[in-house]
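**Student:** Have a look at this one.
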Amino acid sequence: MEITVIYFIIGCFISLLLGVFITRTILKKAILRKSQHILKEAETEAEVIKKEKILQAKEKFLQLKSEHEKYVSDKNNVLANKEQQIKQKEQALQQNEKDFKQKQNEVDLIKENLNKQLEIVKRKQEEVDKLHKNQLEQLETISSMSAAEAKEQLMESLKSEAQTEAHNYLKEYMEEAKISANMEAKKLVIHSLQRTATEVVAENSVSVFPIDNDELKGRIIGREGRNIRSLEAATGVEFVVDDTPEAIIISGFDPVRREIARLSLHKLISDGRIHPARIEEVVSKVKKQVDQEILEVGKRTSIDMGIHGIHHELIRLIGKMKYRSSYGQNLLQHSKEVANLAATMAAELGLNPKIAKRAGLLHDIGKVPDNEPELPHAILGMNLAEKYKENPEISNAIGSHHEEIEMKSLISPIIQVCDSISGARPGARREVVEAYIKRLKDLEELALTYPGVVKTYAVQAGRELRVIVGSDKLTDAESEQISVDLSKKIQDEMTYPGQIKVTVIRETRSVAYAK
């Protein structure tokens with residue numbers, strides 16, 4: 001029984017081994033078939049990829065070949081065009097060469113004809129010279145004078161006659177110019193003197209605004225300069241923010257605008273809020289404030305001067321005088337001074353002092369108009385006075401205080417004299433020293449550029465230029481011409497107040513010693 005069991009177990013083990021062996025054999029064959037199948041699929045796929053790559057390579061080759069053929073074709077076309085152009089130029093050059101040879105032949109023929117004509121002219125000239133010589137010999141025989149002597153005598157006679165006529169014409173022209181140009185010269189001088197003040201423009205067009213520290217400059221400028229641009233656009237003046245310590249320069253020709261800009265900047269810095277919207281708001285408020293202050297100044301001035309019944313528009317213009325200066329002299333103070341002087345002088349002469357005071361206060365009202373018409377300030381002031389129904393005597397005094405129009409009452413010369421007294425008194429007006437010295441120096445150097453000038457002197461504060469010329473270098477007529485030319489050159493090239501008198505001095509001295 002036990003042996004049977006043992007045999008059974010051995011049989012089972014052998015059967016198991018055979019099953020395992022058969023299974024492994026079957027699996028190996030299956031794996032082999034699977035690998036062969038995968039290998040065939042890979043070969044097939046590789047063949048397909050190979051064919052695709054070959055086709056792509058052929059297509060790329062054909063494309064490159066086509067592009068190359070096109071490039072070669074274009075180059076051949078360009079070369080053919082160049083060759084055609086070269087042939088055309090060769091043909092043109094050949095044609096030009098033919099034309100040049102033809103023209104050369106024509107020129108040779110013309111030159112030959114000219115030579116023949118010149119020979120004929122030369123023979124004719126010789127005949128004319130011979131006839132002229134014979135005529136001169138006959139004239140010399142008749143007049144007992146040589147040709148050179150006769151020519152010299154004729155030239156001396158013509159020269160003397162021409163000099164005399166030219167000098168007489170020059171004197172007549174100068175006399176006529178002096179008579180006819182007197183009024184025009186006054187108009188030009190008054191217009192240029194009263195409407196401009198070139199030498200003191202820097203003093204009268206700049207205000208300095210002090211600040212506590214330089215850090216405020218950055219806030220005033222703002223991001224990318226937007227604050228300062230808004231300030232300049234709103235006020236109409238220029239703000240100069242530079243390296244000047246603790247100061248900002250406000251530059252502008254309108255003094256009212258400068259005052260508005262100064263007050264606006266002061267309010268903005270005090271408030272601390274500086275941005276474009278706030279700037280426009282503050283400037284608008286300050287403009288109204290300044291307009292109100294101008295009106296109040298005009299009213300207070302008229303009340304202090306004891307002048308009543310003035311039109312409110314004229315009162316506003318009187319207030320604007322506070323912000324205007326002429327050669328450093330405040331216009332409102334100048335007008336009040338003229339009014340007081342005129343009233344005193346009129347009372348001394350037995351005239352109406354109230355009318356004189358009123359005319360004195362309003363005489364420069366034409367310097368502060370809202371617009372800037374091309375009129376002298378005296379005429380403009382007269383027009384304003386007539387517009388607002390002022391007394392005709394006052395209107396005439398305003399318009400004639402610079403002799404723009406004829407004086408028709410005794411008040412007019414009083415206003416003119418008082419205006420001169422107020423402006424000419426010591427310390428009333430000023431001029432920048434450097435500009436004044438430079439103007440005098442330029443004036444003297446300008447005169448030294450003329451030949452024959454020995455010395456030059458600018459006297460009477462630059463109102464007269466004395467030029468000394470050498471008596472052995474220039475004649476009296478030439479000296480007179482220098483004064484005319486120099487006056488015109490000064491008028492064209494220089495800027496100056498009033499007028500400049502040019503005096504040319506030619507002095508002859510004879511010195512002898514008794515021993």
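The values are calculated or read from the model by the stated rules, or taken from the named source; none is laboratory data. All values reported here derive from a predicted model rather than from experimental measurement. Methodologically, a virtual Cβ is constructed for each residue, glycine included, from the backbone with ideal geometry; neighbour enumeration extends over all protein chains shown. For accessibility, only protein heavy atoms count, side chains too; no ligands or nucleic acids. Shrake-Rupley method; radii C 1.70, N 1.55, O 1.52, S 1.80 Å.
**Student:** I want to check the label-to-label distance for residue 478 and residue 36. Put each point 7 Å from Cα in the C-beta direction and report it in nm to one decimal.
**Tutor:** Going from the residue 478 label point to the residue 36 one covers 13.5 nm.
**Student:** Any idea of residue 262's accessible area? Nearest 10 Å², probe 1.4 Å.
**Tutor:** 80
**Student:** How long are the semi-axes of the equivalent ellipsoid of segment 300-410, defined as square roots of 5 times the Cα gyration tensor eigenvalues? Whole Å, largest first.
**Tutor:** So the three semi-axes of segment 300-410 are 19, 17, 14 Å.
**Student:** With all protein chains present and a 1.4 Å probe, how do 449, 25 order by accessible area, largest first?
**Tutor:** 449, 25
**Student:** Using the Cβ atoms and a cut-off under 13 Å, what net charge is assigned to the surroundings of residue 83, where Lys and Arg are +1 and Asp and Glu are -1?
**Tutor:** +3
**Student:** Which value in nm describes the separation of the simple spin-label points at residue 79 and residue 403, placed 7 Å from the Cα toward the beta carbon?
**Tutor:** 9.4
**Student:** Related question: Would you calculate the convex hull of the Cα atoms in segment 226-385 and tell me its volume per residue in Å³? Walk me through the intermediate numbers first.
**Tutor:** Values: hull volume 22.5 nm³, N = 160.
Dividing the Cα hull volume of segment 226-385 by its residue count gives 141 Å³.
**Student:** Given 10 °C and 1.306 mPa s, how large is the Stokes-Einstein diffusion coefficient of segment 253-333 in µm²/s, with Rh as the Kirkwood radius over Cα pairs?
**Tutor:** Reported coefficient: 114 µm²/s.
**Student:** Let me ask something additional. Would you tell me the accessible area of residue 345, worked out with a 1.4 angstrom probe on the heavy atoms of the protein chains, in Å² to the nearest 10?
**Tutor:** 60
**Student:** State the extension gain, in nm to one decimal, for the chain segment bounded by residue 57 and residue 371, taking 0.36 nm per residue of separation less the distance between their alpha-carbons.
**Tutor:** 104.3 nm is the gain from fully extending residue 57 to residue 371.
**Student:** Can you give the FRET efficiency to the nearest 0.05 for residue 89 and residue 114, using r as the Cβ-Cβ distance and R₀ = 45 Å?
**Tutor:** According to the calculation, E is roughly 0.80.
**Student:** By how many nm would the segment from residue 99 to residue 135 grow when fully extended, if each residue of separation counts as 0.36 nm and the alpha-carbon distance is taken off?
**Tutor:** 7.7 nm
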